[in-house]
Amino acid sequence: MEMVNIKINGEAISVPGDYTILQAARQAGIDIPTLCYLKGVNEIGACRMCLVEVKGARGLVTACVYPVNEGMEVFTNTEKVRIARKTVLELTLSNHERKCLTCPRNQNCELQRLADELNVTDIAFEGEISKHEIDDMSPSIVRDNNKCILCRRCISTCKKIQTVGVIDAQGRGFATKIGCTFDKSLNDTDCVMCGQCIAACPVGALYEKDSTKAVWAALADETKHVVVQTAPAVRVALGEEFGMPIGTRVTGKMATALKKLGFDKVFDTDFAADLTIMEEGTELIGRIKEGGKFPMITSCSPGWVKFCEHNFPDLLDNLSTAKSPHEMYGAIIKSYYAEKEGIDPKDIFVVSVMPCTAKKFESQREELKGTGYPDVDAVLTTRELAKMIKEARLDFVKLPDSGFDNPFGEAATGAGVIFGATGGVMEAALRTVSEVLTGKSCDEIEYKAVRGIEGIKEATVTIGDLDVKVAVAHGLGNARALLEKVRSGEADYHFIEIMACPGGCVTGGGQPIQSAKVKAEIDLKAARAKAIYDEDRSLPIRKSHENPFIKMLYDEFLGEPCGHKSHKLLHTHYVKRDKY
Amino acid sequence: MKNLSELGLIRDKKKDYVNLRIEDKAEAKASVGESKVRAHVLVCGGTGCTSSGSQKIIHEFENQIAANGIAEEVKVIKTGCFGLCALGPIVVVYPEGAFYSMVKVEDVEEIVKEHLVGGRVVKHLLYDETVENDSIKSLNEVNFYKKQRRIALRNCGVINPEDIEEYIAIDGYQALGKVLTSMTPEQVIEEVKESGLRGRGGAGFSTGMKWMFTARASGENGKYVCCNADEGDPGAFMDRSILEGDPHAIIEAMAIAAYAVGADQGYIYIRAEYPIAVKRLQIAIDQAKEYGLLGSNIFGTDFSFNLDIRLGAGAFVCGEETALMTSIEGHRGEPRPRPPFPANKGLWQKPTLLNNVETYANITQIINNGAEWFKSIGTEKSKGTKVFALGGKIKNTGLVEIPMGTTLREIVEEIGGGIPNNKKFKAAQTGGPSGGCIPASLIDIEIDYDSLIQIGSMMGSGGLIVMDEDTCMVDIAKFFLEFTVDESCGKCTPCRVGTKRMLEILDRITKGKGTLEDLDRLETLADGIKSSALCGLGQTAPNPVLSTLRYFRDEYVAHVVDKKCPAGVCKDLLSYKIDVGKCKGCGICAKNCPVGAISGQVKNPYHIDPAVCVKCGVCMSKCPFKAISNK
Amino acid sequence: MSEKTGVAFSETKEQAQKLIEVIEKHKNENGALIPVLHEAQEIYGYLPIEVQQKIAEGLGVTMAEIYGVVTFYTQFSVNPKGKYKIGVCLGTACYVKGSGNILDKIKEKLGIDVDECTPDGKFSIDATRCIGACGLAPVMTVNDDVYGRLVPEDIDGILEKYM
């Protein structure tokens, strides 16, 4: 890209010609406030927070969308700019329910931060405040339009990135609001509950349905044996809630914290990830050997599963019947573990800490009650766990490390850990499938072709004399594009991994929320994935089928992968759902 | 049609027929060419006259003419708007040019018998201004038309808009022929640039420059030309009239524009509220296609052009160019930030030229008569004419086209015929919800783009609403703001919330609850919105408030400090009182009061109970002695 | 959360067939949604959820987007209109000449507000933008009939005709 020379606040800089003023200013270390801007997702110049003066331009311009050009002179800090930004902010605040103290985004709100940073001490233009009913009927997501500032980051995420599009702007003028068709609840639409809208929201208009109260109640109930499991992606993000740098691994502190919160057992979902690989891998081998339906598609992302049920019901038979790891774990806990420990499964309360909001929905699915009880009783997001840790007044950063509880092993395998990043399930599966099929131990276990943040990744893996064609898609827009190819017969993969959230679980809808500004500077997907792969490399066992506790489970209880007991406890089925 | 000579043949065949009704060519051709037609009855089929029943009048004429056996000699022609809507329905009979106004169905028989059969003009039905000392004046000498110069409206009220051959007869499609066969696109653009034509829809950007930018943009995947006929400015209806009266002029101009910028597809975005215009436009497009004037290889050249209509669905903001394009694309009509400008990335991200109807209506004349001719009309920086929709408290409501530089006084007092009921001129509002008010003190202003901007108003699309002493300027500001608040798309914060806050303040003021700080707050907000809103609608929304504050601050202060509405409009500030000196005790007021608030004894002064009074104003309008006041 | 239409949806075979044809005709056009909504409203008189679903399916546009478009443009309605649609012009020319009072009078007479329909389904009121009959200001319309140069006292007589 050709460089252009511009001046910002009198300072000459040279930037690529396709930059916006905002990008140029940030390169020069000059901050410009933004609100509706979400890099690569929502660049619409709607909120008018990023106003700057450009010499010769009529009125003020929005830095987030205004392209630079040669010789341009920009001023970001004039009296006119300051007053205009403050007026815009005050107007935004004048129609915002300012119950900041009791807001789920208190202290992590972009609007609140701006009000502080722009020195707003009074709102000169008070007036009518829009009143909206809160939609809390979805098991995963709450929408509170009273907090909404109409930045539309959620819409762009849902529509453009995820191609789900269940929410959009409706009405116009002051009555404009974000909502579902005919004011329906999210729960009555084809929302996949991925929660990416929550991650996009700068304020408290979107948040997960609370499960902390239910979990505290279970913990307080003496008759309950409360077991918690944590997904791989949680450990590489939880630290952010306590001010630790993005990409910090806090596995040990997390285990300690969970014990201190009073959980009777602290398990690692990674174990169940290994179990998933055994089941799913066996299923794949079965399809390869016996000529089953291809491509086989992973089913551990509940947002993706729901998306498939609504949009690609013709491909439901392609989905692996394996339950998602935490559900498998729940089923094992309420059967094998209950039996082994002599606890009545009705007294066991399984809590999953997940980077995901769709898991809340998933845990309520009727099909996932193979033991006669729900496999999982409550799902907490990473954010909710952080809130509980804070509520319990634990000084997280200073907590010592500890391991997970037996009988399922104190440490995970690398294969289980990498489930948290896009391509991870595929890689874990390949590590096992290749060895099972060839009967040989492979040294090269890092499948780099399926790693990384590219939207759709493809590879052909040679296993013995077999060329296995695989593909990985993350983000439902990418998934849709890939599946259209499958549907049309254009693509002939054996195995596809799909994760609903762009980046996979590390950037799931239940993960700590970073501001648009941070996200513009740091690619969360890559930063958190790096921690995942570091963790993988740090573990002595990196293949699921080598996990001794998995072997133990099959020996003592399940028999063989995809066997009778597995089918009852670890596999499920899917239902076609209406789109309209 | 394959070439220009075929076009010429049609023109020549039909020319004399149409000339019969063209003033300066109507040297009374009693019998024209081979046809026996000796008279034309032109009946206005514009929306205004149609609303007052002109369709029935056409039928009645046809029946009566047939009944009198003169159907071969006298033709009834439904035309577009004559402009003088206040006097509709209008009927003009040629070759005399007899201008019958406010014609009723019952009048038709007399006109047919007396005028068309007997050859005697029915004077008592004529527009009174056209009768002088027993003789009929030419329309061009009548005050309403005298100072007008009709370029954009030239064919409105002259030709039958549903007959392409009538358009061809008056040199229609000659400009397109000329452009395609003897000019390069660069020459066309140069001519338009040279003419000084500026956009008639709003900000007044140079049309030629716009064409040039679009022509220069790379358009490997196609370009578009669009016509903005989403005339949303309340009180402006020139675009509608042009499309109703002369649709081919727009089609021809768009084809010329398409040739100049290198486009092959056009869209006309028109309000669905204009059914007559839509229908005529569709007829015109179909006819143009049939005659080979739209479609492939026009006039046998390489140039191809298709044109489609897209209907708006009731959103004022779609008059904003980026919103219009978003709407054509099938979305909520929300504006998007510029740059990129439509000339580079417009419809479906392709280079797009967008002009409004009136702008296009000037193009064929510029091509036919040359830039020099066009430049000779108007002021230094505003060339040509401008059409205004004259409305409000003025006698001759209607459509007028005046050379740029005409004074407001000429428009109001001469063309408009002054204010009815001996009321005083207070202000004129131009530019609709984006514009401002011109106070009486500035009535001698010469109207053009720049003079209006200078005094805090703008040309806008050309609504010109006249206000008299009974108009409250705070109420008018509130009216326009209500409009903007209603029509704000809701995308950007300053417009969505800011205009609402301004309206809330104005509402307080008109209810007597305003404070002097509110006036400051209004100004701060207005300035903020102007500099920070996303699109033209938001950026200009505060103008009606700013301009009334500028020229009529006293009136605001009266509302705020004295809690009075000097014009007697704001209900909450009115108190109806009976002047005991003037009241004769007739009791009419008490009889008409819907809530029984007035009591008294006949022949003694009556009294209004303010606790019961709902301030409907009926008593005041009924009092024969003007004894009731409300201020 | 409730759906806004109170009246149960029903359609004739002809209506359903027509809508299919309309969708088929526009399906491959750029920007087909708004033309299809216009024509669908022609067919059904309004745009209930059932109709929007068919359009969503036919054009491959999300329901939320269609609803967003429908609620953006004032000419589209998700509620049925009265047999007689009354429009009162609130354009500037009419407003200055008192169309606000005309509207008040009609509202009072029918006991409904703007955008509402009388319980018997007979009348609905719209406050319209300029309909271009400024010469006749103030103006109201009842379906295709236009009444101009009105004063509030005219309203009773006009409405009588349709009662």
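The values are calculated or read from the model by the stated rules, or taken from the named source; none is laboratory data. Computed from a prediction, not measured in an experiment: that's the story for all the values here. We place every Cβ from the backbone using ideal geometry, glycine too, and count neighbours over all the protein chains shown.
From the residues in segment A:179-231 that are among the hydroxyl-bearing types (S, T, Y) and out of contact with any Cys (no Cβ under 7 Å at 6 or more places or on another chain), which one is nearest to the other protein chains (Cβ to nearest Cβ)?
So the residue we want is A:T181.
Of all residues being within 14 Å of chain C (Cβ to nearest Cβ) and charged (D, E, K, R) in segment B:321-376, which is nearest to B:M254 (Cα to Cα)? Just the residue, please.
Of everything passing the filter in segment B:321-376, B:K350 is nearest to B:M254 (Cα to Cα).
Being assigned to a helix (DSSP H, G or I), under 30 Å from B:G333 (Cβ atoms) and either more than 7 Å from chain B (Cβ to nearest Cβ) or touching a helix residue (DSSP H, G or I) at 6+ places or on another chain (Cβ under 7 Å) (or both) is the requirement here; does A:V52 meet it? So that I can check it myself, show each step before the final result.
Working: assigned to a helix (DSSP H, G or I): no; under 30 Å from B:G333 (Cβ atoms): yes; either more than 7 Å from chain B (Cβ to nearest Cβ) or touching a helix residue (DSSP H, G or I) at 6+ places or on another chain (Cβ under 7 Å) (or both): yes.
Answer is no for this residue.
Quick one: which residue in B:L464, B:L452 is surrounded by fewer than 24 Cβ atoms within 10 Å (Cβ to Cβ), at pLDDT below 95 and away from chain A (no Cβ under 14 Å)?
B:L452
When you check B:D518 against the structure, is it at the interface with chain A (Cβ under 9 Å from one of its Cβ atoms) and assigned to a helix (DSSP H, G or I), yes or no?
No, not satisfied.
Does segment B:423-434 contain any residue that is more than 15 Å from the chain's Cα centre (by Cα), β-branched (V, I, T) and either outside the structural domain of B:R240 (by TED's automatic domain parsing) or more than 21 Å from B:I455 (Cα to Cα) (or both)?
There is no residue in segment B:423-434 that is more than 15 Å from the chain's Cα centre (by Cα), β-branched (V, I, T) and either outside the structural domain of B:R240 (by TED's automatic domain parsing) or more than 21 Å from B:I455 (Cα to Cα) (or both).
Just checking, which of A:F174, A:F182 is part of a helix (DSSP H, G or I) and without any contact (Cβ under 8 Å) to a residue 40 or more places away in the chain?
The match here is A:F182.
Tell me whether segment B:314-324 contains one or more residues that are within 22 Å of the chain's Cα centre (by Cα), in contact (Cβ under 8 Å) with a residue 60 or more places away in the chain and surrounded by fewer than 24 Cβ atoms within 10 Å (Cβ to Cβ).
No, there is no match, as no residue in segment B:314-324 is within 22 Å of the chain's Cα centre (by Cα), in contact (Cβ under 8 Å) with a residue 60 or more places away in the chain and surrounded by fewer than 24 Cβ atoms within 10 Å (Cβ to Cβ).
In the list A:N77, A:N69, which residue meets the criterion of being of a type in the set (S, T, N, Q), over 35 Å from the mean Cα position of the chain (by Cα) and more than 30 Å from B:E517 (Cβ to Cβ)?
A:N69
If a residue has to be in a loop (DSSP other than H, G, I, E, B) and more than 9 Å from chain C (Cβ to nearest Cβ) to count, how many in segment B:311-320 make the cut?
Going through segment B:311-320 one residue at a time, the tally reaches 1.
Can you list the helices (runs of 4 or more DSSP H) lying wholly within segment C:23-76 that have 1 or more residues being more than 8 Å from chain B (Cβ to nearest Cβ) and of a type in the set (D, E, K, R)?
Correct list: C:33-44, C:49-59.
Quick check: anything in segment B:102-109 under 30 Å from B:G418 (Cβ atoms), surrounded by fewer than 20 Cβ atoms within 10 Å (Cβ to Cβ) and under 28 Å from the mean Cα position of the chain (by Cα)?
yes
What is the one condition in (1) assigned by TED's automatic domain parsing to the domain that holds B:A288; (2) outside any helix (DSSP H, G or I); (3) buried (at least 24 other Cβ atoms within 10 Å of the Cβ) that B:L153 does not satisfy?
Exception for B:L153: condition (1).
When you go through A:L483, A:L558, A:L524 one by one, which is the residue that is under 24 Å from A:R431 (Cβ atoms) and modelled with pLDDT of 95 or more?
A:L558
Give B:C623, B:C570, B:C586, B:C565 a once-over and let me know the one that is touching a residue at least 12 places away in the same chain (Cβ under 8 Å), buried (at least 20 other Cβ atoms within 10 Å of the Cβ) and either among the acidic types (D, E) or out of contact with any Gly (no Cβ under 9 Å at 6 or more places or on another chain) (or both).
Matching residue, one of B:C623, B:C570, B:C586, B:C565: B:C623.
Would you mind telling me which numbered condition in (1) on the phi > 0 side of the Ramachandran plot; (2) at pLDDT 95 or above A:K457 fails?
The failed condition is (1).
Considering (1) crowded, with 19+ Cβ neighbours inside 10 Å; (2) more than 29 Å from A:C501 (Cα to Cα), say which one A:A412 fails and leave the rest.
Only one criterion is unmet by A:A412, namely (2).
Matching residues to (1) modelled with pLDDT under 95; (2) more than 30 Å from B:D507 (Cα to Cα); (3) acidic (D, E):
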| position | (1), (2), (3) |
| --- | --- |
| B:V560 | no, no, no |
| B:G568 | yes, no, no |
| B:S575 | yes, no, no |
| B:V580 | yes, yes, no |
| B:P605 | yes, yes, no |
| B:P610 | yes, no, no |
| B:C616 | yes, no, no |
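It is to be established whether one or more residues within segment B:241-260 are surrounded by fewer than 20 Cβ atoms within 10 Å (Cβ to Cβ), at pLDDT 95 or above and not assigned by TED's automatic domain parsing to the domain that holds B:E401.
no
Quick check on segment C:138-159. Is at least one of its residues of a type in the set (S, T, Y), under 16 Å from the mean Cα position of the chain (by Cα) and within 22 Å of B:G235 (Cα to Cα)?
Taking every residue of segment C:138-159 in turn, at least one turns out to be of a type in the set (S, T, Y), under 16 Å from the mean Cα position of the chain (by Cα) and within 22 Å of B:G235 (Cα to Cα).
All but one of (1) at pLDDT 90 or above; (2) assigned to a loop (DSSP other than H, G, I, E, B); (3) within 14 Å of the chain's Cα centre (by Cα) hold for C:I112; state the number of the condition that does not hold.
(3) is the only condition that C:I112 fails.
May I ask you to list the residues in segment A:252-267 that are in a helix (DSSP H, G or I) and of a type in the set (D, E, K, R)?
Across segment A:252-267, the qualifying residues are A:K253, A:K259, A:K260.
Given the criterion within 28 Å of A:C356 (Cβ to Cβ) and either in contact with a Ser or Thr (Cβ under 6 Å, 6 or more places away or on another chain) or not hydroxyl-bearing (S, T, Y) (or both), identify the matching residue among A:E435, A:E454.
Numbers: A:E435 fails: within 28 Å of A:C356 (Cβ to Cβ).
Result of the check over A:E435, A:E454: A:E454.
Quick one: how many residues across segment B:475-512 are part of a loop (DSSP other than H, G, I, E, B) and facing another protein chain (nearest Cβ under 7 Å)?
Of the residues in segment B:475-512, the ones part of a loop (DSSP other than H, G, I, E, B) are B:488-492, B:511-512.
Cutting the leftovers down to facing another protein chain (nearest Cβ under 7 Å) gives us B:488-492.
Residues that pass the stated criteria total 5.
Sort through A:K293, A:K289 and tell me the only one that's among the charged types (D, E, K, R), assigned to a loop (DSSP other than H, G, I, E, B) and more than 30 Å from A:Y207 (Cβ to Cβ).
Only one candidate passes the filter, namely A:K293.
Run down A:T34, A:T87 and say which single residue is outside any helix (DSSP H, G or I) and either facing another protein chain (nearest Cβ under 9 Å) or not basic (K, R) (or both).
Answer to the selection: A:T34.
Answer yes or no as to whether A:E133 is farther than 25 Å from A:V518 by Cβ, acidic (D, E) and not assigned by TED's automatic domain parsing to the domain that holds A:A200.
no
Please specify each residue of segment B:469-523 satisfying the condition of being basic (K, R) and either surrounded by fewer than 21 Cβ atoms within 10 Å (Cβ to Cβ) or more than 18 Å from B:D233 (Cα to Cα) (or both).
B:K491, B:R496, B:K500, B:R501, B:R508, B:K511, B:K513, B:R521 - these are the residues of segment B:469-523 that are basic (K, R) and either surrounded by fewer than 21 Cβ atoms within 10 Å (Cβ to Cβ) or more than 18 Å from B:D233 (Cα to Cα) (or both).
Restricting to helices (runs of 4 or more DSSP H) lying wholly in segment A:327-391: which have 1 or more residues that are surrounded by 24 or more Cβ atoms within 10 Å (Cβ to Cβ)? Give the derivation first.
Numbers: elements: A:338-341, A:358-363, A:382-391.
Ranges flagged: A:358-363, A:382-391.
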